[in-house]
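Please treat every number below as a calculation from the coordinates, not as lab data. Only a predicted model underlies this, so the values are computations on that prediction, with no experimental measurement involved. FYI the Cβ positions are ideal-geometry reconstructions off the backbone, even for glycines, and counts take in every protein chain you see.
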Amino acid sequence: MPQMQGNLNPDPRQPPALTLAQHSNLLELTARGYALWRAQSLGLLSGTPFGLLREANLFRALCDPQPGQTWLDAGTSAGFYAGVLAEAGAGVLAADLSAPMLREGQRRETSKNIDWALLNLESSGLPSESFDGVTVGATLNETHDPARFLSELARVLRPGGQLWLMYLPRTGGPLQRLLSAPALGGLNFPDPAWVGRQLPGMHLTDGLGMGAVRFGRYVKAELNQG
């Protein structure tokens, strides 16, 4: 089984803060129940049958991961996207700030194509332009600093690389306002236009809204395209 590597704070001079939602992911109980919630969540949030198989098929159809590529699964949790990528033959660095989540991911996804890393992706210390693709499954909503998180993901992508986001966009509803309060989760619900502005030099090729869920595929410009 691949070993966890890295640490939660690669740069001790600027320790990333954690939201209450991120702190909850450090609990063993949260990690054990996460996969069950993940399997049901998109159906509940989109208001339509939307299981993991449908999500995986959508991702494969739009991103087409290939054998030999290197991907980062940012905020892997129980390893769903890491498993989809490994099945396609890609090499995957599955990173999360929660050791219990990584242990759950390792238990569920045993492919040798996956390496596991204990990292906060808001300050990862990973080399620039080192991945062909990055997947994010809802982690954007839980980050303390979503702009910093997106900037880091863009930094580690190679020119021509693709970023796949699944997140809950801003609706302005009362429940989102409640969950945005630091004491009740500290979640953020970004507007898709705001997300695009945090990714200069990247082009949105595909955007899809399903109820309260948003999917987006961005491609980083090639060097000769400026």
Region 122-226: spread of alpha-carbon positions along the three principal axes, whole Å, largest first, is 45, 29, 19
What whole-number value in cubic angstrom gives the convex hull volume per residue for the C-alpha atoms of region 171-211? 82 Å³
Given (1) 1.14; (2) 1.05; (3) 0.94 as candidate values of Cα Rg over 2.2 N^0.38 Å, which corresponds to the one derived from the coordinates? (3)
Along the Cα→Cβ direction, 7 angstrom out, place labels at residue 57 and residue 145. What is the inter-label distance in nm? 4.1 nm
With each pseudo-label sitting 7 Å past Cα toward Cβ, what's the residue 194-residue 20 distance in nm, one decimal? 1.9 nm
Filter the trypsin sites (Lys or Arg not before Pro) in region 77-167 to those in DSSP coil with at most 16 other Cβ atoms within 10 Å of their Cβ, and list the result. 112
Counting just the Cα atoms, what span does region 77-180 cover along each of its three principal axes? Round to the nearest Å and put the largest first. 44, 33, 23
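Quick one: length gained pulling residue 112 to residue 128 fully straight, 0.36 nm per residue minus the C-alpha distance?
3.3 nm
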